[in-house]
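The structure appears right after this line, and notes come after that.
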Amino acid sequence: MTRVHIVGAGIAGLSCAVRLAGRGRAVTLYEAAAQAGGRCRSYFDAKIGRTIDNGNHILLSANEAALSYLDEIGARHTLCVPPRAVFPFVDVRSGERWCMRPNAGPVPWWIFAPGRRAPGTRAGSYLAGLRLAFAGPDQTVADLLDPADPLWERFWEPLTVAALNTAPREASARLLWQVVKETFGRGEAACRPFIARGGLGASFVEPALELLGAAGAEVCFNQRLRAIDFEAERAAGLHFAERSVAVEPGEQVVIALPPAVAAALLPGLEAPADSRPIVNGHIRLPAPPRLAPGMSEDRPFLGLVGGAAQWLFLRGDVVSLTVSAAAELAERPSEEIAERFWADTAVALDLDPDQRPPIRIVKERRATFAQTPQALRRRAPARTKWRNLVLAGDWTDTGFPATIESAVRSGRAAAGIVTEI
Ligand SMILES: Cc1cc2nc3c(=O)[nH]c(=O)nc-3n(C[C@H](O)[C@H](O)[C@H](O)COP(=O)(O)OP(=O)(O)OC[C@H]3O[C@@H](n4cnc5c(N)ncnc54)[C@H](O)[C@@H]3O)c2cc1C
């Protein structure tokens, strides 16, 4: 049976490996780090004495490929699944709280119901989002929507940075429309927020590794790919830091690496060049706090407006805060970020601001590629000029923002091509 060599054990590489192993193919998965998961991983943090995620991740119910990957690895039950799409918010300057509640079905009557939309906003400001549907390829979100409108700060900006990890003044309006169409455009059943109850590792990574082990796939950690030999339009050898592997005739290679790494290994490959950071803070409280209004066991998160952090997540006694498109914040000292995150947390969860517990700040400097109109043109197709080498990764040309959904779609598309070759 011909082997498939998959390089990169992020979600793209894992989903490709799971698909191929499930079809009975011989698979070897190589990973530079000592663990799998890539930008979607959990690890033990000694400072706060808890297992944390590198960053908070949300799936939406519209993320069909990501959810079906969880079905494939038997892990869907590890998600918190709220019965309805409700998004609780707090403005940390005023303490004002509200919930956004999209309605069922594609006609968005919730925007006409003051109790369902953000306070101080008008239905017309939501309808202005339809302009995104007609966006030109070079237009940004800020070209089409008004930053002075009250809805900007309470909906359009948080949605853009959460979905595209790119500030609205440079984020592709077309890509945001793709998100709006697939989620809010299909009604509340498509925008229910799902969170990994026990962490990213337990939901997205460990069950996949177990399945691969049971299927006889080889998973090799601490294997950094340094070079690829090409001959006669095919990949013929993989050179890792400490060993080389021949790619025998009939064998295939899937490169499931971040864009900069793939571009350095594959001559002539165009890939998005710029990335944007996400900053997270993890705070271990002395005890699990009371849930804030609008939060629940199956909805353990809160949107924050007017402070430093954008989202707050709660898992037991650990509060985690997120800032996406965080170019400026990522340059600030961790201690200053910790102070600002704690101030937001104290308001959001009604805690004593003078009792600051230990806080771990995690700066993911290359969280995703910058999803600008220019960068979208550099997303590469899965097929390459080498007949036995296929690409995967959230940055490849899936048509979706660089998310778990895109990573899974790319991994599965690569598996499909490999099966055809
Ligand atoms: C903080 C943060 C928050 C996020 N929030 C969300 C969210 O809420 N929802 C969502 O859907 N998505 C979110 N994302 C995006 C999501 O995590 C990514 O889209 C997804 O994990 C990308 O998977 P991937 O397999 O394409 O890439 P990666 O995860 O980057 O996988 C590539 C793998 O290749 C390995 N590697 C690199 N170089 C080499 C080499 N030379 N040889 C061998 N191996 C190598 C890496 O170690 C890595 O394991 C977030 C990302 C971050 C960082």
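Values quoted throughout were computed directly from the atomic coordinates according to the rules given, and no laboratory measurement underlies them. Given the structure is predicted, the values throughout are model-derived calculations rather than measurements. When we count neighbours, we look across all protein chains shown, and the Cβ atoms used for this are built from the backbone with ideal geometry, even at glycine.
A compact table of results
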item	result
DSSP beta bridge pairing in the chain, given as percent antiparallel to the nearest 5	70 percent
Size descriptor, Kirkwood hydrodynamic radius, that averages inverse alpha-carbon separations across the range 103-190, Å	13.1 Å
Neighbour-limited loop hits for trypsin sites (Lys or Arg not before Pro), the range 262-320 (at most 12 other Cβ within 10 Å; DSSP other than H, G, I, E, B)	ARG290
Angle in degrees between helix 173-182 and the longest Cα principal axis of the chain, rounded to the nearest 10	80 degrees
Isotropic mean projected area of the C-alpha convex hull, the chain (nm²)	20.0 nm²
Two-site FRET efficiency, ALA148 against ARG365, from Cβ-Cβ distance with R₀ of 41 Å, rounded to 0.05	0.85
Percentage relative contact order, the range 250-374, counting C-alpha pairs under 8 Å, at least six apart	34 percent
Neighbour-limited loop hits for GluC sites (Glu not before Pro), the range 306-386 (at most 11 other Cβ within 10 Å; DSSP other than H, G, I, E, B)	GLU328
Listed residues VAL323, LEU20, TRP156: farthest to the positive end of the dipole of the chain (Cβ charges)	LEU20
Estimated inter-spin distance, ASP274 and GLU328, nm [label 7 Å along Cα→Cβ]	1.6 nm
Principal axis box of the range 27-152, alpha-carbon based, largest edge first, Å	52, 39, 29
Spin-label model distance (nm) - CYS220 vs GLU420, 7 Å beyond Cα toward Cβ	2.9 nm
Between the range 238-273 and the range 128-187, the Cα center-to-center distance that results, in Å	35 Å
Using alpha-carbon coordinates, inclination of helix 334-349 to the longest axis of the chain, degrees	50 degrees
Karplus 3J(HN,Hα) series, Hz, for the range 373-379 with 6.51 cos²θ - 1.76 cosθ + 1.60 (x for Gly, Pro)	x, 5, 5, 4, 5, 9, 5
Helix axis angle, 11-22 relative to the chain longest principal axis, alpha carbon, degrees	50 degrees
Candidates per trypsin sites (Lys or Arg not before Pro) in the range 25-81, loop by DSSP, up to 13 other Cβ within 10 Å	LYS47
Mean Cα-pair separation over length for the chain, i.e. relative contact order, pairs under 8 Å, 6 or more apart, %	25 percent
